[in-house]
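**Student:** Take this structure, written in structure tokens, and hold onto it; I'll ask about it next.
The values are calculated or read from the model by the stated rules, or taken from the named source; none is laboratory data. This one's a predicted model, so the numbers in the text were calculated from it and none came from an experiment. Note that we place each Cβ from the backbone using ideal geometry, even for glycine, and neighbour counts take in every protein chain shown.
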Amino acid sequence: AVGSLTNAVYVIFEPAPAIVGTVVLTGIVLALTRNLRVTSTFAVTIAATWLSLAVVKLIVHRPRPDSSLLPFPFSPAQVDASYPSGHTAFVTALVVTIVLGLTAKRSRWVAGIIGALLIVGVATALVVDGVHFPSDVIASIIWGIVVAPLARTIWVSVALRGLEAASSRRSRHVR
């Protein structure tokens, strides 16, 4: 039962389902807020946090744990690099982005607590499955907590302001 549960967690947060989930959630954010600035900030924060981790994974290129030594190994065995965990980074980026996007203090607390439980659950499942070392998931949690707010700040303070300024300049020239 434990092996099936941890395997399911791994599959749910594979890149393809994670991308589809992000697109769906971005659509929900747009429907709820009707604000392209908020919606783009949501999507870009998750994408920038998660995709930038892929560069670290390519540079470090640490092999995965020997799954044959574990009681609940993931099947099929994963052959890509282990460090850091993309699954954990995605979930952490998602949680941090949601928490940062909420305005009500109570909502932030509730989302933060539920999100922390989700992050710990995913990280634990990945270690139990033998697809990651504990240091892989810990590094990814730290990455998400640090990089998501940074990516959000850069997007809002630099990119969006630059786009708005360029749009303003264009509209003045069109008149």
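Residue-by-condition table, conditions (1) at pLDDT below 80; (2) surrounded by 15 or more Cβ atoms within 10 Å (Cβ to Cβ):
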residue	(1), (2)
F74	yes, yes
Y83	no, yes
V96	no, yes
V99	no, yes
A111	no, yes
I119	no, yes
L150	no, no
S157	no, no
R170	yes, no
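**Student:** Applying the selection to the stretch 99-146, what residues are in contact (Cβ under 8 Å) with a residue 40 or more places away in the chain, assigned to a helix (DSSP H, G or I) and hydrophobic (A, V, I, L, M, F, W, C)?
**Tutor:** Matches in the stretch 99-146: L100, V122, A125, L126, V128, V137, A139, I141, W143, I145.
**Student:** Which residues, counting only those in the stretch 127-142, are under 15 Å from P63 (Cβ atoms) and crowded, with 24+ Cβ neighbours inside 10 Å?
**Tutor:** V131, H132, D136 - these are the residues of the stretch 127-142 that are under 15 Å from P63 (Cβ atoms) and crowded, with 24+ Cβ neighbours inside 10 Å.
**Student:** Checking the conditions here, which among S67, S52 is among the small types (G, A, S) and at pLDDT below 85?
**Tutor:** None of the other options fit; the residue is S67.
**Student:** Those residues that are more than 19 Å from V95 (Cβ to Cβ) and touching a Phe, Trp or Tyr at 6+ places or on another chain (Cβ under 9 Å), I need them from the stretch 41-62; list them, please.
**Tutor:** V56, K57, V60, H61, R62
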